[in-house]
Amino acid sequence: DAGVIQSPRHEVTEMGQEVTLRCKPISGHNSLFWYRQTMMRGLELLIYFNNNVPIDDSGMPEDRFSAKMPNASFSTLKIQPSEPRDSAVYFCASSQGTGNSHDFGSGTRLTVV
Amino acid sequence: RKEVEQDPGPFNVPEGATVAFNCTYSNSASQSFFWYRQDCRKEPKLLMSVYSSGNEDGRFTAQLNRASQYISLLIRDSKLSDSATYLCVVSGSSNTGKLIFGQGTTLQVKP
């Protein structure tokens, strides 16, 4: 069982550049979640999908952020253009059904300089 | 008011001590409850689910009080390896699988 797989593990980019984070959920899980974690704000839900359909993107901070889930085994979170305040750890998580716990990926540590 | 509130700590305790964390939540419609553990620079991992009747897993005991909207975690005979941040997690009100995470309580167990 591979678990939730995220890439890259670390990303350092310059302000203004486009950043794409990738996630492969656990096979058979029908919900996928993107979170952002910082020391100041803790773990924040950005967006989640049920059966590949975006359900709630109210946590997405700005139009610079976008997420897609073209199929059940892949999702991307894109930031364009990136800013230093986007620096954080971005986690992807997946779950099966409703009311169940989430399995998290190892996260992508993003630094925007 | 935050949807899930926890005392951030840190709680500094000696090995072998018993320590308890508390959490309150605002949404009375929440149906599922969990404690997660997060080690430094790692992802959150499920520690245990919390059931209405209370449940135990080795040295860990979780309790739920729906009337007071209160969840607790008790750790007995604490070990150095228990040092971590403990996140209280509550399901959202809609039937979509969304979970609400508390800010976490940091525990440091010292020799």
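The values are calculated or read from the model by the stated rules, or taken from the named source; none is laboratory data. Just so it is clear, the model here is predicted, and its values are computed rather than measured. Glycine gets a Cβ as well: all are built from the backbone with ideal geometry, and neighbour counts include every protein chain shown. Ligands, DNA and RNA are excluded from the accessible area calculation, which covers all protein heavy atoms including side chains. Shrake-Rupley method; radii C 1.70, N 1.55, O 1.52, S 1.80 Å.
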Cβ-placed point charges (K, R +1; D, E -1), dipole of chain B about Cα centre in debye, nearest 20: 180
Entries of A:Lys24/B:Lys98; A:Lys24/B:Lys110; A:Lys78/B:Lys110 with Cα pairs more than 30 Å apart: A:Lys24/B:Lys110; A:Lys78/B:Lys110
Percent of beta bridges antiparallel (DSSP, chain A, rounded to nearest 5): 90
Positive-end extreme of charge dipole, chain A - chosen from A:Leu32, A:Ser106, A:Ser66 (charges on Cβ): A:Ser106
Distance between modelled label sites at B:Asp7 and A:Gln96, nm, 7 Å Cα→Cβ extension: 3.8
Share of Cα-Cα pairs in the stretch B:1-85 lying beyond 14 Å, as whole percent: 66
Antiparallel bridge percentage (DSSP; both residues within chain B; nearest 5): 90
Computed P(r) (all Cα pairs; chain A; 5 Å bins; percent): 2, 13, 24, 27, 19, 10, 4, 1
Separation between Cα centres of the stretch B:1-63 and the stretch A:41-113, rounded to whole Å: 24
Solvent-accessible surface ranking, highest first, for B:Ser81, B:Ser53, A:Ser82 at 1.4 angstrom: B:Ser53, B:Ser81, A:Ser82
The protein assembly as shown - charge dipole about Cα centre, Lys and Arg +1 at Cβ, Asp and Glu -1, debye rounded to 20: 160
Mean Cα-pair separation over length for the stretch A:1-69, i.e. relative contact order, pairs under 8 Å, 6 or more apart, %: 20
Extension gain, A:Glu44 back to A:Ala2 (0.36 nm per residue minus Cα-Cα distance, nm): 12.7 nm
Listed residues A:Arg64, B:Arg66 arranged by accessible area, highest first, probe 1.4 Å: B:Arg66, A:Arg64
Probe 1.4 Å - accessible area at A:Lys78, Å² to nearest ten: 70
Environment charge of A:Ser82, counting only residues whose C-beta is closer than 14 Å and scoring Lys/Arg +1, Asp/Glu -1: -2
All-pairs Cα distance distribution in the protein assembly as shown, expressed in whole percent, bin size 10 Å: 8, 33, 34, 20, 5, 0
Chain B, relative contact order [Cα under 8 Å, separation at least 6], %: 37
For B:Gly97, distant residues with modelled amide H under 5 Å away: A:Gly99
Cα-projected label distance for A:His10 with B:Gln108, points at 7 Å along beta-carbon direction, nm: 2.5
Top of B:Ala20, B:Ala29, B:Ala67 by mean-square fluctuation, Gaussian network on chain B, Cα under 10 Å: B:Ala67
Cysteines in chain B that, by Cβ-Cβ distance, have no pairing candidate under 4.7 Å: B:Cys40
